[in-house]
Amino acid sequence: MPVRVTVINDYLVVVAGVNAILSEYADRIEVVEKRTVSKGAAPVDVALYDTFAAPVGKHARLAALRQDPSIGAIAVYSFAAGHAAVEDSLALGANGFLSKSLSAPELVRGIEEIAAGRVVTMVGPGLSATGANDWPAKEAGLSAREAEMVGLIVQGMSNREIGDRCYLSANTVKTYIRAAYRKMGVNTRAQAVAWGIEHGLKPDRQA
């Protein structure tokens, strides 16, 4: 029987991208829409919490997910794969931590192991599944990580808050933001917010 999985993120295009990856493994993974889960009509084995432009680790919305009786287990799916991000996520109730550097087969295997009741951490390098993924502003030329930084700016976060929530150094955050600004053709934070909203980097919903 396939593992029932719902993907959780505030950006619909991100959810659709991950769903597309998982749909190629329909014999092993059954993708369930979150709105169906929320109504209590379709419990799932694993909620895959995609942290694109969302809090990671100690800032993640894991407590609310743990309280949802329709969710069997939680897997954090994130760019942030350092020890602190993993440990904080597990300490707050995640059943596993899966890096976005994993290949699609590795991602599916990790989900299956988490559904089977194991605590799983998979952060090794691979042929990234995100190559087949999608994210806001991708067509405008931003990388997934650059788009994530701009999405957090649109949500009103400072560079310090972004670094704290994404487990990145201040210099790394600045590097991503500078690269994004060059591609966007903007110079100020206000311009970046306006550009981000225009290009789909304002969350579609809040969980």
What does the charge add up to near F52, with Lys and Arg as +1, Asp and Glu as -1, over the other residues with Cβ less than 14 Å from its Cβ?
-> +1
K100 accessible area, nearest 10 Å², 1.4 Å probe?
-> 10 Å²
Separation in nanometres of the label points that stand 7 Å from Cα toward Cβ, at S143 and A190 = 3.0 nm
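For region 3-122, rounded, prolate or oblate, judged on the Cα gyration tensor with a ≥ b ≥ c (square roots of eigenvalues), a/c < 1.5 rounded, else prolate if a/b > b/c? Display every interim value, and only then the final one.
Values: a/c = 1.35, a/b = 1.16, b/c = 1.16.
Here region 3-122 falls in the rounded category.
Please give the per residue accessible area of the chain, computed with a probe of 1.4 Å over protein heavy atoms only, in Å².
On the way: 9450 Å² over 207 residues.
Ligands and nucleic acids excluded, the result is 46 Å² per residue.
How much length is gained if the chain between E87 and R182 is pulled fully straight, taking 0.36 nm per residue apart and subtracting their Cα-Cα distance, in nm to one decimal?
Values: separation 95, 0.36 × 95 = 34.20 nm, distance 3.46 nm.
Difference between extended and current length: 30.7 nm.
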Counting only protein heavy atoms with a 1.4 Å probe and every protein chain in place, the carbon and sulfur fraction of the accessible surface of region 3-122 in whole percent equals 53 percent
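Quick check on region 138-199: take the gyration tensor over C-alpha atoms, sort the square-rooted eigenvalues as a ≥ b ≥ c, and tell me if it's rounded (a/c under 1.5), prolate or oblate.
Numbers: a/c = 1.67, a/b = 1.43, b/c = 1.16.
Taking the square roots of the gyration eigenvalues as a ≥ b ≥ c, region 138-199 is prolate.
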With percent of Cα pairs over 27 Å apart in mind, check (i) 38; (ii) 31; (iii) 27 and report the label derived from this structure.
-> (iii)
How high is the FRET efficiency between A16 and A64 when r is their beta carbon distance and R₀ equals 25 Å, given to the nearest 0.05?
-> 0.65
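Return one quarter of the surface area of the convex hull spanned by the alpha-carbon atoms of region 37-97, equal to its mean projected area, in nm².
Values: hull surface 15.2 nm².
That works out to 3.8 nm², a quarter of the Cα hull's surface.
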Past 26 Å, Cα to Cα, is the threshold; run K34/K174; K34/K138; K58/K138; K58/K100 against it and keep the listed order.
-> K34/K174; K58/K138
Put +1 on the Cβ of each Lys and Arg and -1 on the Cβ of each Asp and Glu in the chain; which of A140, A170, F97 then has its Cα farthest toward the positive end of the dipole?
-> A170
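What does the extension gain come out to for R160 and E24, with contour length at 0.36 nm per residue minus their alpha carbon separation? Mind dumping the intermediate values first?
Details: separation 136, 0.36 × 136 = 48.96 nm, distance 3.83 nm.
The R160-E24 span can extend by a further 45.1 nm.
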Subtract the Cα-Cα distance of S169 and V119 from 0.36 nm times their separation in residues, and report this length gain in nm to one decimal.
-> 15.2 nm
What do you reckon, how do D10, D68, D27 stack up by accessible area (1.4 Å probe), largest on top?
-> D27, D68, D10
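Using the Cα centre as the reference, give the magnitude of the dipole from point charges on the C-beta atoms of the chain (Lys, Arg: +1; Asp, Glu: -1; all else neutral), rounded to the nearest 20 debye. All intermediate terms of the calculation are to be shown ahead of the outcome.
Working: 22 positive and 21 negative charges, 120 e Å.
That gives the chain a dipole magnitude of about 580 debye.
Ordering E161, E198, E139 from largest to smallest accessible area (1.4 angstrom probe), what's the sequence? Could the numbers behind the result be given before it?
Values: E161 85, E198 145, E139 190 Å².
So the residues, ranked largest to smallest area, are E139, E198, E161.
The values are calculated or read from the model by the stated rules, or taken from the named source; none is laboratory data. Nothing here was measured: the structure is a model prediction, and the numbers come from that model. Here Cβ is always computed from backbone atoms with ideal geometry, including for glycine, and neighbour counts include all displayed protein chains. Heavy atoms of the whole protein, side chains included, go into the accessibility calculation; ligands, DNA and RNA do not. Shrake-Rupley method; radii C 1.70, N 1.55, O 1.52, S 1.80 Å.
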